[in-house]
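Novice: My questions will all concern the structure given below.
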Amino acid sequence: MHRRSFIHHMSLGAAGMALQPSFPGTSKNAAANKLVLSLIGCGGRGLDVLAGIVKENENMEVKYLCDVNETLSGIKTAIDKYNTIQGYAPKFTGNMKQVFDDKDVDAVIIATPEHWHALAAIWALQAGKHVYVEKNPTLSIWEGQQMIAATKKYKKVLQIGFQNRSAPYAFSAREYIKSGKLGKVLHVKCYNMLPGGKWIAKPDTDVPKGLNWDAWLGPARKVPYNPNRHSMTGRGGWLDFWDYGGGALSDDASHVMDLARLAMGDPGHPKSVYCTGGNVGFQSQKETPEFLNITYDYGDFDMTCESGSCTPYMTKEGSDVRFGTKWPYWPQNSTRIEIYGTERLMYLGRHGVGWQVMEVDGKIVDMDKGYFPDKFHQKNFIDSIRLQQEPNGDVTQGHLSASLVHLADICYRTGKKQLFLDRQTEKFINNEAANKFLKGNYRAPYIIPEKL
């Protein structure tokens, strides 16, 4: 058998073993147990995740669609769709507490902006719900600690939306690296090099009709409505503000770094972090940086991440790569990982790209083509509930991956000096300015409890 074919078959076998809990022959009795879902955050991504979970699993019902913006065009379409599918229309509500208080609801999907992820997830767990929460799951390291504690205490499934954790190609990449065929891994490079433009300040305006602005702000500080912070029709620019997200780093880069961690065997926290960069591309006045270059020291290897929105010649993978057999042009792929061993180089791509291993002169010696993993991750969520098992996107690994975003952003915000981390206490060593960023500030009544 040709070596490439052998590796492909081996990798699928390894992935199958690694994901055995994720792709079980789910018993008819388990699948027969109806699960009632609700969606918190009815933007495009939230509706897509809900639709995927319903499609990939048996015996699903949707009871609520919840959003603070009642004018979103997708809400009515979704209500009509699920009315046809299940024979009754889901209810719309602007108050997530109504969803959590309903004993009929078994699980919720949280697809809000990032500043709401941890609080909404903890409220849902406290109400006895299983949770699928989109990335980046937290806004601070302390929030991750609280999510871990809540998941353990309330004994419900919490799946983080790092969907590469259910990708067969991710597990085959990990097995290949573990086999030693790259040699000793010395360096891992993560890229999140995207196009973008200059951020332009806009004046505050009245709150648009149909939006509960106080509820959208939630735990964040009270500020006037501004169209740079929020859009009534699309995703909006909330990632440009520290109150709501971690910039470009917590968006696509969080997926890339999470996949890199998985491939490297899920190491814990790095020993230190150092970054440079800022608003160096367009000299914008926005809060989160246009570009960051980060180095994480893991001791026996280091990892870098180059993340920004100033490179229009870089491209993300298209559907022909994510869902097909085409490979990207690696040097200009926006969201690739390069894993450098003492013997070979691996290119690894997220969201269905897969991996290729090269020797001298670009000779490809091994590979495993991927497929967009949403459907695997969405099935794993429901299987984990029905079989009472830990999901692939478990909260601890989600916290460790999210922390890479937080560590770099804290380094940037405290002067771009190298920060050293006590990996046990999750605090910085001899840097109180940095430690002040380990936990955010919360506005009543939207407060994550200290004790759960």
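The values are calculated or read from the model by the stated rules, or taken from the named source; none is laboratory data. These numbers come from a predicted model, not from an experiment. Virtual Cβ from ideal backbone geometry, glycine too; neighbours counted across all protein chains shown.
Novice: Output the number of the condition that LYS156 fails; it satisfies all remaining conditions of (1) assigned to a loop (DSSP other than H, G, I, E, B); (2) within 15 Å of the chain's Cα centre (by Cα).
Specialist: Result: LYS156 passes all but (2).
Novice: Could you pull out the residue among GLU290, GLU359, GLU338 that is surrounded by 22 or more Cβ atoms within 10 Å (Cβ to Cβ) and in the same structural domain as SER172 (by TED's automatic domain parsing)?
Specialist: GLU290
Novice: Quick check: anything in the stretch 57-77 aliphatic (A, V, I, L, M), assigned by TED's automatic domain parsing to the domain that holds GLU390 and either under 27 Å from ASP258 (Cα atoms) or at pLDDT below 95 (or both)?
Specialist: no
Novice: Considering only residues that are among the charged types (D, E, K, R) and either over 16 Å from PRO391 (Cα atoms) or in contact (Cβ under 8 Å) with a residue 12 or more places away in the chain (or both), look in the stretch 141-171 and name the one that is surrounded by the fewest Cβ atoms within 10 Å (Cβ to Cβ).
Specialist: It comes out as LYS153.
Novice: Being surrounded by fewer than 21 Cβ atoms within 10 Å (Cβ to Cβ) and of a type outside the set (Val, Ile, Thr) is the filter here, so list the residues in the stretch 341-355 that pass it.
Specialist: Residues satisfying the conditions are GLY341, GLU343, ARG344, LEU345.
Novice: Right, another one. Scanning the stretch 357-379 for residues that are among the basic types (Lys, Arg) and outside any loop (DSSP other than H, G, I, E, B), which turns out nearest to the chain's Cα centre (by Cα)?
Specialist: Ranking the qualifying residues of the stretch 357-379, first place goes to LYS375.
Novice: Within the stretch 415-434, identify whether any single residue is within 20 Å of the chain's Cα centre (by Cα), among the acidic types (Asp, Glu) and either at positive phi or surrounded by fewer than 21 Cβ atoms within 10 Å (Cβ to Cβ) (or both), and answer yes or no.
Specialist: No: zero hits.
Here's the yes/no breakdown for (1) in a loop (DSSP other than H, G, I, E, B); (2) under 22 Å from SER172 (Cα atoms):
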site	(1), (2)
THR325	yes, yes
PRO328	yes, yes
PRO331	no, no
TRP355	no, yes
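Novice: Is it true that SER250 is within 30 Å of ASP368 (Cα to Cα), hydroxyl-bearing (Ser, Thr, Tyr), surrounded by 13 or more Cβ atoms within 10 Å (Cβ to Cβ) and in the same structural domain as ASN441 (by TED's automatic domain parsing)?
Specialist: Yes, satisfied.
Novice: Another question, then. Within the group ALA260, ALA253, ALA215, which residue is part of a helix (DSSP H, G or I) and either within 21 Å of LEU119 (Cα to Cα) or without any contact (Cβ under 8 Å) to a residue 24 or more places away in the chain (or both)?
Specialist: ALA215
Novice: Tally up the residues in the stretch 314-331 that are farther than 22 Å from LEU345 by Cβ and of a type in the set (Phe, Trp, Tyr), please.
Specialist: Within the stretch 314-331, residues that are farther than 22 Å from LEU345 by Cβ and of a type in the set (Phe, Trp, Tyr) number 1.
Novice: Do any residues in the stretch 299-310 that are not assigned by TED's automatic domain parsing to the domain that holds LYS189 have Cβ atoms under 7 Å from those of residues that are assigned to a loop (DSSP other than H, G, I, E, B), where the two are at least six apart or on different chains, and which pairs are they?
Specialist: Pairs found: none.
Novice: Which one is farthest from the chain's Cα centre (by Cα) among residues in the stretch 123-140 that are surrounded by fewer than 24 Cβ atoms within 10 Å (Cβ to Cβ) and in a helix (DSSP H, G or I)?
Specialist: Applying the filter and picking the extreme gives GLN126.
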